[in-house]
Amino acid sequence: MGGKTAGLVLAAGAGRRYGMPKALVPYPDRLLVEHAADTLRAAGLSQVVVVLGAEADRVRAAAPGLPQVVVNPGWATGLGSSLRAGLSALHGTGAEAAVVLLVDMPGVTAEAVRRVCALSGEDALVMGAYGDRRGHPVLLGRKHWAGVAAAATGDSGARDYLRAHAGLVRLVAVGDVADDLDLDVPELNPHA
């Protein structure tokens with residue numbers, strides 16, 4: 001799995017509701033961006049790309065051990081542009097798929113990533129399932145990257161593409177090894 005599936009961390013936003021870029025939020029003893037990158041590495045992915053935007057220089061200085069970093073100059077337009085930037089960075093690689101994590105979902109575990117990646121392939125569309133909810137990690141096979149990029153606008157990311165191709169999406173139960181808490185505001189962070 002490690003060489004064929006790449007990891008992609010989307011960490012470019014300003015975190016307006018949180019009050020700061022979430023990439024810079026401590027959780028608990030390292031930054032959220034480090035936590036997300038480490039989760040992908042712990043899952044066995046040898047290639048991990050982190051997309052930064054808001055305060056990218058500050059994030060790089062605070063987290064010097066990050067893997068490959070891509071700075072999205074259009075980060076303020078929303079998550080969609082960061083997903084496009086990350087997929088674009090993977091085009092020249094041999095990755096057959098990309099598994100996507102959002103920086104503000106620290107409850108997604110390496111085991112959840114491994115389960116989703118077990119279905120990896122160039123034509124795969126896979127989502128983690130938390131009971132009746134769909135969520136991250138999300139795996140996008142290479143054959144879908146162009147379509148995902150074209151549909152990724154504003155803050156929707158891959159959502160519209162996945163809805164339009166719902167019949168192709170495979171769900172993998174991960175709720176027993178992960179949670180889908182989204183740290184939108186400091187009150188949700190048990191380590192704040």
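For LEU168, state whether it is closer than 23 Å to HIS91 by Cα and either touching a Cys at 6+ places or on another chain (Cβ under 7 Å) or of a type in the set (Asp, Glu) (or both). Explain how you work it out, then say what you get.
Details: closer than 23 Å to HIS91 by Cα: yes; either touching a Cys at 6+ places or on another chain (Cβ under 7 Å) or of a type in the set (Asp, Glu) (or both): no.
No.
A Cβ distance below 7 Å, combined with a sequence gap of six or more or placement on separate chains, defines the contacts here; from region 8-33, residues that are over 18 Å from LEU181 (Cβ atoms) reach residues that are among the charged types (D, E, K, R) in the pairs PRO21/GLU55; LEU24/GLU55; LEU24/ARG58.
In region 140-153, the residues that are more than 18 Å from ALA76 (Cα to Cα) reach residues that are part of a helix (DSSP H, G or I) with C-beta atoms within less than 6 angstrom, at least six apart or across chains, in these pairs: LEU140/VAL148; TRP145/LEU87; GLY147/TYR161; VAL148/TYR161.
Entry remark, region 34-55: residues being part of a loop (DSSP other than H, G, I, E, B) and either in contact with a Pro (Cβ under 6 Å, 6 or more places away or on another chain) or surrounded by fewer than 20 Cβ atoms within 10 Å (Cβ to Cβ) (or both) number 3 in total. Among the residues of region 153-166, is any buried (at least 17 other Cβ atoms within 10 Å of the Cβ), closer than 15 Å to ARG115 by Cβ and either within 19 Å of the chain's Cα centre (by Cα) or not charged (D, E, K, R) (or both)? Looking for residues that are buried (at least 17 other Cβ atoms within 10 Å of the Cβ), closer than 15 Å to ARG115 by Cβ and either within 19 Å of the chain's Cα centre (by Cα) or not charged (D, E, K, R) (or both), one finds none in region 153-166, hence no.
Within region 171-192, restricting attention to residues that are among the charged types (D, E, K, R) and free of Cβ contacts under 8 Å to residues at least 60 places away in the same chain, the residue that is farthest from SER88 (Cα to Cα) is GLU187. Only one of the numbered conditions (1) farther than 18 Å from ALA97 by Cβ; (2) at pLDDT 95 or above; (3) over 12 Å from the mean Cα position of the chain (by Cα) is violated by ALA12, and that is (3). Being out of contact with any Lys or Arg (no Cβ under 8 Å at 6 or more places or on another chain), more than 20 Å from ASP182 (Cα to Cα) and not in a strand (DSSP E or B) is a property that does not hold for PRO106.
Of everything listed in (1) within 21 Å of ALA178 (Cβ to Cβ); (2) touching a helix residue (DSSP H, G or I) at 6+ places or on another chain (Cβ under 8 Å), the single unmet condition for ALA62 is (1). Does ALA118 fit the bill of being within 24 Å of LEU31 (Cβ to Cβ), surrounded by fewer than 20 Cβ atoms within 10 Å (Cβ to Cβ) and among the small types (Gly, Ala, Ser)? Considered against the rule, which asks whether it is within 24 Å of LEU31 (Cβ to Cβ), surrounded by fewer than 20 Cβ atoms within 10 Å (Cβ to Cβ) and among the small types (Gly, Ala, Ser), ALA118 comes out as no. Evaluation of LEU183 against the conditions (1) crowded, with 23+ Cβ neighbours inside 10 Å; (2) more than 24 Å from LEU31 (Cα to Cα) shows that the sole unmet condition is (2).
Consider region 117-135 and keep the residues that are assigned to a loop (DSSP other than H, G, I, E, B) and aliphatic (A, V, I, L, M). The one that is farthest from ALA43 (Cα to Cα) is ALA124.
If you take the residues in region 136-171 that are aliphatic (A, V, I, L, M) and in a loop (DSSP other than H, G, I, E, B), which one is nearest to LEU183 (Cα to Cα)? Quick ask: steps written out before the conclusion?
First, the residues of region 136-171 that are aliphatic (A, V, I, L, M): 138-140, 146, 148-152, 158, 162, 164, 166, 168-169, 171.
From the residues that got through so far, the ones that are in a loop (DSSP other than H, G, I, E, B) too are 152, 158, 169.
Details: ALA152: 22, ALA158: 19, VAL169: 26 Å.
So the residue we want is ALA158.
For region 56-93, how many residues are under 17 Å from HIS144 (Cβ atoms) and not in a helix (DSSP H, G or I)? Counting residues in region 56-93 that are under 17 Å from HIS144 (Cβ atoms) and not in a helix (DSSP H, G or I) gives 2.
The values are calculated or read from the model by the stated rules, or taken from the named source; none is laboratory data. These figures come from a predicted structure and were not determined experimentally. All Cβ positions, even for glycine, are placed from backbone atoms using ideal geometry, and neighbour counts span all protein chains on display.
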